[in-house]
Amino acid sequence: PPEDEEEVAEVGWQEKLFSQFEVDLYLKESACQTPLDWQYHEEIQKLEKAGGRKNCRIFTYTDHDRFTNLEELCQKVTDSDHEVPSYLVERMANVRRRRQDRRPVEASSLKSKIITWEPSEEFIKNNHVINTPVQTMYIMGDLGPYGKLGHREYENVLCTIKVDGNGVITVKPDFTGTKGPYRIELDGEKREVWEYTIENASAQVQPEEEEREQRVFRDLYGRHKDYLSGLVGTDFEMPLPGTLRLFVNGEIVSAQGYEYDNLYVHFFLELPDQWSSPPFQQLSGVTQICATKTVGWDNVAYFCYPFTVEMFYTQEDEDSLPQWPVLYFEVLSLDFWQRYRVEGYGSLVLPPSPGVHMLTIPTWRPVDLGTVAEMRRFFIGGSPELEDLTYIRIPSTFKGKRLSRFGFRTQTTGSVTFRLCCLQQSKAFLENSALRQRMQSVLDRLGGFSQQSSVYNVLEAFQRARRRMQEARESLSQDLITTSASAV
């Protein structure tokens with residue numbers, strides 16, 4: 001026998017190259033049972049009349065062969081001799097054949113049962129497996145001794161090619177390229193070592209064909225986009241020019257750290273000047289009464305209370321800084337004897353930027369001095385309340401320059417957590433950048449609101465520190481003059 005054997009085969013996708021074992025098997029009519037076996041029988045007869053097969057050691061198993069459908073399940077996942085395949089391993093190995101047995105489902109037909117309220121264990125197991133349809137092809141090598149081809153124990157997998165339903169092609173092992181050849185060592189008398197390489201022999205796509213394919217894809221994507229647009233429709237109400245529409249899908253998530261149990265939250269939204277809302281829009285609400293649950297060191301009441309608010313901002317004066325809507329809320333408790341108590345007040349400014357915001361707002365409540373007020377709160381309920389909830393920040397009725405709260409006593413209580421999903425809609429978003437810069441659109445003004453407010457806060461803090469320094473210098477000079485005069 002020759003010491004050096006070399007064979008080169010060019011194999012196409014799902015191209016069938018028969019092995020010597022298959023030739024000997026399918027030539028016998030008694031071994032043919034399925035229609036595929038009879039088809040192979042006829043092909044091998046024609047191949048024998050044409051002079052026999054051209055390949056010697058290299059052959060293939062296609063997606064419909066017995067090796068792919070049945071013997072593939074016998075492959076082990078680990079190298080253990082006592083491995084027992086789990087349920088998931090068996091189903092994943094058999095996923096391709098299961099998908100072929102299923103009838104195709106029309107894309108336009110809707111599922112009759114979207115939600116299964118009482119799933120069975122079998123239903124959970126079946127849906128736990130990722131059912132992606134896969135087509136597989138094996139390129140095999142008959143590495144038996146010279147002159148003894150056709151024995152199944154000498155068959156070895158040289159390359160596995162899989163294509164799933166998403167169009168992903170998997171080649172294992174990879175194309176050789178600049179790497180060295182792959183090696184297969186046989187456990188026999190001679191300890192033979194075989195080397196093989198895998199190269200991509202596909203013809204390069206011509207530029208005309210590639211451009212034609214891109215046009216087909218663009219046409220397909222365009223039709224799909226038109227189909228989705230037809231389902232969604234174009235009946236969207238756009239706000240007027242110079243107007244911003246603000247949607248807030250909010251949720252009062254929880255309240256924690258309060259003294260008494262059975263909490264509920266009363267809230268309302270205050271709209272500043274140049275803001276408006278539809279007539280049917282409710283700007284206030286009350287949550288359900290929720291019992292607390294001990295989480296860590298705090299007693300937490302989970303409300304999960306949703307609310308939706310729609311508002312409009314109309315720009316009138318370009319020089320004025322827009323104010324943002326404020327959400328005021330109060331936390332109350334109600335006990336078994338129908339005694340309610342104010343647990344805390346708080347407020348938050350709606351975020352000026354769109355997106356999802358998680359905000360935890362601390363609260364406070366007014367208190368009276370002495371034990372009588374606390375005994376009254378404990379035994380008969382009730383406590384000092386705010387007549388106007390806007391007093392939490394700056395009251396809407398206040399027109400002065402300075403607001404003094406000297407003598408007003410409060411006590412820190414718990415906190416309330418909000419989840420706010422903010423959406424903004426305006427025609428200014430559709431304008432090009434040059435036009436937006438020229439007319440200073442609503443987006444630019446409102447987008448810089450948070451930055452301007454932070455700058456204003458820094459300037460105010462600087463002015464307060466400067467005034468305190470001047471007062472300290474004046475008092476220091478007076479003290480020095482007084483001390484020197486008394487010393488003289």
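Details
- With DNA, RNA and ligands ignored, accessible area of SER30 (1.4 Å probe; Å², nearest 10): 100
- Estimated FRET transfer efficiency when R0 is 41 angstrom, pair LEU386-ASP226 (beta carbons, to 0.05): 0.15
- Here the range 243-433 yields Rg over Rh of 1.02, to two decimals, using C-alpha coordinates and the Kirkwood radius.
- Summarising the label geometry, the points placed 7 Å from Cα in the beta-carbon direction at GLU213 and GLN45 lie 4.0 nm from one another.
- Heavy-atom SASA rank of ARG215, ARG53, ARG152, ARG341 (probe 1.4 Å, accessible area, largest first): ARG215, ARG152, ARG53, ARG341
- Ordering TYR345, THR371, PRO395 by Cα displacement along the dipole of the range 243-433 toward the positive end leaves THR371 in first place; charges were set at the Cβ atoms of Lys, Arg (+1) and Asp, Glu (-1).
- Ligands, DNA and RNA excluded, the heavy atoms of ASP37 present near 0 Å² of accessible surface to a 1.4 Å solvent probe.
- Euclidean distance between Cα centres, the range 374-431 to the range 176-225, Å: 67
- Exposure ranking of VAL171, VAL23 by accessible area [1.4 Å probe, largest first]: VAL171, VAL23
The values are calculated or read from the model by the stated rules, or taken from the named source; none is laboratory data. Please read all numbers here as calculations on a predicted model, not as lab measurements. In this analysis, Cβ positions are derived from the backbone assuming ideal geometry, glycine residues included, and neighbour counts consider all displayed protein chains. Heavy atoms of the whole protein, side chains included, go into the accessibility calculation; ligands, DNA and RNA do not. Shrake-Rupley method; radii C 1.70, N 1.55, O 1.52, S 1.80 Å.
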